[in-house]
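First up is the structure itself, then whatever we jot down about it.
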Amino acid sequence: MHRNRPRNPMIATLVGLRGNGRASVYTEPMWGLSMMLVLPYASVYMLALGVHDAQIGLLATISMLSQVVFGLLSGVITDKLGRRVTTAVFDIIAWVIPCLVWALAQNFWWFLIASVINGAWQVTQNSWDCLLVEDVDRAEIPKVYSLVKVAAEFSALFAPIAAVLVMNLGLEHAVRILYVNAFVIMALKVWLLYRYTTETATGRVRMQQTRGVSMWKLLSEYRGVLGLIVRSKGTIFSLCVAAVVGAVALVNGTFWQVVINKELGVPDALLPFFPMIRSLLSVLFFFTIIPRLTHAKHLKSPTLIGFGVYLAGQLLLVGIPSPEGAAVASTYALLALCLLLDAFGAGILFMLAESLVALHVDRHERSRVMAIQRTAVMLVTAPFGWISGWLSGMDRDWPFLLTSTLLVLGLVVAARFWVTTHEEHTPAESLPG
């Protein structure tokens, strides 16, 4: 008898997830009740406490440099402690503790301390990625990363909670409460993920191989791992794509809310609705257009489309006229179009950048190769926080001229230097079931 199953490949993957993949994806929406409530206000909160544009950009760069250090150590830590324990310990260090610092922050120095500690999230990013995909079929990896993106985007549905708090309590007091809330929810997320996961097969092998071996000895072995990366055209190409996407994300995450608030006159209370709408649109795209574009063997065309659409959104943002005072109807209409373009462009590029790295990585050295890859990407993207802060201090539109230039570079790299992936997949495996 023919067995009924969801026709949409994303739904099929979601329902079919088991073990670590299921626990990792199913706990992702908890971001919505924690960090996603507060992130739309993070930069504006810093401005309210007397931190200026150049300092905000500097903090973004310092955070990235902290991530470089932790990212370099992440492979060794993940191999020695195991994927599961590393994820739990460093989620507490990177998110739970900084949330308290942000909640109590008084000036630039508090944010500096939190930024340095928060850089430890690169360790858990490595271990969490391994926990997520090591026991998942390779053909399912792009869809699994799509589900992760969807889970994160659904979290924006909770944005009105933040808006109500800001309208009733004012920006500063509301954001402090939101950071305390994030402290509690992130602690719960850490426990749930630890409770419902097990160590991966590769993780158990690496823990056995690294038992009794010093950290310094393991770090010295990175030279051999570096050779694996340098000899792989696919890995180098995926690094270039990830670096461009990462730099654009850094600038947008830091200054998008600032420019619409300070330059285009959008009031504080409305700020969280913009990422909410962007996220809902992104979810819609992930269940409709994006699976149709990315289900086949060849990912070059969707990558080019993603860069082109994202570029259009960034240029449109720069072109929106600044109103006299508060934002007017035409401002919101143009911002809505920006959100539409960004939701698709950023969404598909995030999924493709992560998937390309995962698909090209050496399976047996995943944690250490990904550690070096992330470190390389962060070293390249780190200066863009400071550069965009410097540009924003002169003109708040200029950071987005910078991102537009980066996206043009991404288009050129993807068009001229594409390296084919999915060699191990047959067309039948790649088609939606």
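The values are calculated or read from the model by the stated rules, or taken from the named source; none is laboratory data. Just so you know, these numbers come straight off a predicted model, no measurement behind them. Cβ atoms come from the backbone with ideal geometry, glycine included; neighbour counts cover every protein chain shown.
Observations on the model:
- Filtered by the rule that a residue be among the polar types (S, T, N, Q) and either under 21 Å from Arg416 (Cβ atoms) or not in a helix (DSSP H, G or I) (or both), segment 275-293 gives a lone residue, Thr288.
- Filter result for Val259 (surrounded by 14 or more Cβ atoms within 10 Å (Cβ to Cβ), closer than 24 Å to Ser24 by Cα and at pLDDT 85 or above): no
- Whichever residue in segment 45-54 is surrounded by fewer than 20 Cβ atoms within 10 Å (Cβ to Cβ) and part of a helix (DSSP H, G or I) and, among such residues, is modelled with the lowest pLDDT: Ala54
- Failed item in (1) part of a helix (DSSP H, G or I); (2) in contact (Cβ under 8 Å) with a residue 12 or more places away in the chain; (3) surrounded by fewer than 17 Cβ atoms within 10 Å (Cβ to Cβ), with His298 passing the rest: (1)
- The criterion of being closer than 30 Å to Trp390 by Cα, surrounded by 18 or more Cβ atoms within 10 Å (Cβ to Cβ) and either touching a residue at least 40 places away in the same chain (Cβ under 8 Å) or not hydroxyl-bearing (Ser, Thr, Tyr) (or both) does not hold for Gly308.
- Members of segment 254-281 found to be of a type in the set (Gly, Ala, Ser) and over 17 Å from the mean Cα position of the chain (by Cα), listed by number: Gly265, Ala269
- Sole residue being among the hydrophobic types (A, V, I, L, M, F, W, C) and closer than 23 Å to Val357 by Cα, chosen from Leu271, Leu218, Leu316: Leu218
- Matching residues in segment 122-146 - criterion: being free of Cβ contacts under 8 Å to residues at least 60 places away in the same chain and outside any helix (DSSP H, G or I): Asp137
- Of the helices (runs of 4 or more DSSP H) entirely within segment 327-433, those holding at least 2 residues that are more than 17 Å from the chain's Cα centre (by Cα) and at pLDDT 80 or above occupy 329-360, 383-394, 398-416.
- Listed by first and then second residue, the pairs linking a residue in segment 82-102 that is among the basic types (Lys, Arg) to a residue that is buried (at least 22 other Cβ atoms within 10 Å of the Cβ) and in a loop (DSSP other than H, G, I, E, B), with Cβ atoms under 9 Å apart and 6 or more places separating them unless they lie on different chains, are Arg83/Thr197; Arg83/Thr200; Arg84/Thr197; Arg84/Thr200.
- Positions within segment 164-177 being crowded, with 21+ Cβ neighbours inside 10 Å and not β-branched (Val, Ile, Thr), in sequence order: Leu165, Ala174
- Taking residues in segment 195-223 that are farther than 22 Å from Ala376 by Cβ, and partners anywhere that are of a type in the set (A, V, I, L, M), the pairs with Cβ atoms closer than 7 Å and at least 6 places apart or on different chains are Tyr196/Ala23; Thr197/Ala23; Thr197/Leu131; Thr200/Leu131; Thr210/Leu218.
- In summary, Met36 fulfils each of the numbered conditions (1) surrounded by 22 or more Cβ atoms within 10 Å (Cβ to Cβ); (2) out of contact with any Pro (no Cβ under 8 Å at 6 or more places or on another chain); (3) closer than 28 Å to Phe400 by Cβ; (4) touching a residue at least 40 places away in the same chain (Cβ under 8 Å) with the single exception of condition (2).
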